[in-house]
1. Taking amide H positions as placed in the peptide plane 1.01 Å from N, state which residues far from Ser69 in sequence (5 or more) or on other chains have amide H under 5 Å from it.
2. Under 5 Å between amide H atoms, partner at least 5 residues away or on a different chain: which partners does Gln49 have, H built in plane at 1.01 Å?
3. On the full set of protein chains, 1.4 Å probe, figure out the accessible area of Thr36 and give it in Å² to the nearest 10.
4. In whole Hz and in residue order, list the ³J(HN,Hα) couplings for the stretch 118-124 that follow from phi through the Karplus curve 6.51 cos²θ - 1.76 cosθ + 1.60, θ = phi - 60°; x for Gly and Pro.
5. Could you pull out the trypsin sites (Lys or Arg not before Pro) across the stretch 1-107 that fall in loop regions by DSSP (anything but H, G, I, E, B) with no more than 14 other Cβ atoms inside 10 Å?
6. Carbon and sulfur together cover what percent of the accessible area of the chain at a 1.4 Å probe radius?
7. Cα gyration tensor of the stretch 1-101, axes a ≥ b ≥ c as square roots of the eigenvalues: rounded (a/c below 1.5), prolate (a/b > b/c) or oblate?
8. Net charge near Ala83: determine it from the other residues with C-beta under 13 Å of the C-beta of Ala83, scoring Lys and Arg +1 and Asp and Glu -1.
Amino acid sequence: MKVLFLNGPNLNLLGTREPEVYGRLTLVDIEAMVRTRAIDLKVEIAFRQSNSEGELVSWIQEARGQFNSIVINAAAYTHTSIALRDAISAVGVPTIEIHLSNIHAREEFRHTSLIAPVCRGQISGFGVKSYLLGFEAAIIVTETH
Ligand code: DQA
């Protein structure tokens, strides 16, 4: 089983970016945490980050036939990107949407996720644990796919 983790814009700044909202761990720390869990579960993972919408779209397209499922923190593109939504829909790889913060408890513009309707489910508000919960969900959807 192979799971692709995708991270959108500004998540490379985790650790220093609004730590009261996003915590003090860096994306490198989060990747290490996910890799430790992946070894325990004997699941292969790839973990990527881009600030570019187009690069994220390309990675989703390339996932077909390469990965069983995708865990995506699309960051701000969650709320704006029809291109990401269309890519997830077109490729058909089961995808889990995750967020560190609870987007529904924040500003109104974060309450809408354009990718939610084409994802298998959403995990939002559990800090770095959202990545581990997303991982678990990705394995569950792969087993039931
Ligand atoms: C985020 C929530 C988004 O609204 C925001 O734009 C982010 C991070 C989260 O993980 O809580 O960049 O996806």
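1. Hits under the 5 Å cutoff: Lys2, Leu4.
2. Asn7
3. It works out to around 80 Å².
4. Per residue, the Karplus-derived 3J(HN,Hα) values read 9, 9, 6, x, 10, 10, 8 Hz.
5. On the way: sites: Lys2, Arg17, Arg24, Arg35, Arg37, Lys42, Arg48, Arg64, Arg85, Arg106; in loops: Arg17, Arg24, Lys42, Arg64, Arg106.
Those satisfying the criteria are Arg17, Arg24, Lys42, Arg64, Arg106.
6. On the way: 3620 of 7050 Å².
About 51 percent, which is the carbon plus sulfur part of the accessible surface.
7. Working: a/c = 2.21, a/b = 1.14, b/c = 1.95.
Oblate shape, in that a/c is at least 1.5 and b/c is the bigger or equal ratio.
8. Value of the local net charge: -2.
The values are calculated or read from the model by the stated rules, or taken from the named source; none is laboratory data. Only a predicted model underlies this, so the values are computations on that prediction, with no experimental measurement involved. Cβ atoms come from the backbone with ideal geometry, glycine included; neighbour counts cover every protein chain shown. Surface accessibility is based on the protein's heavy atoms, side chains included, excluding ligands, DNA and RNA. Shrake-Rupley method; radii C 1.70, N 1.55, O 1.52, S 1.80 Å.
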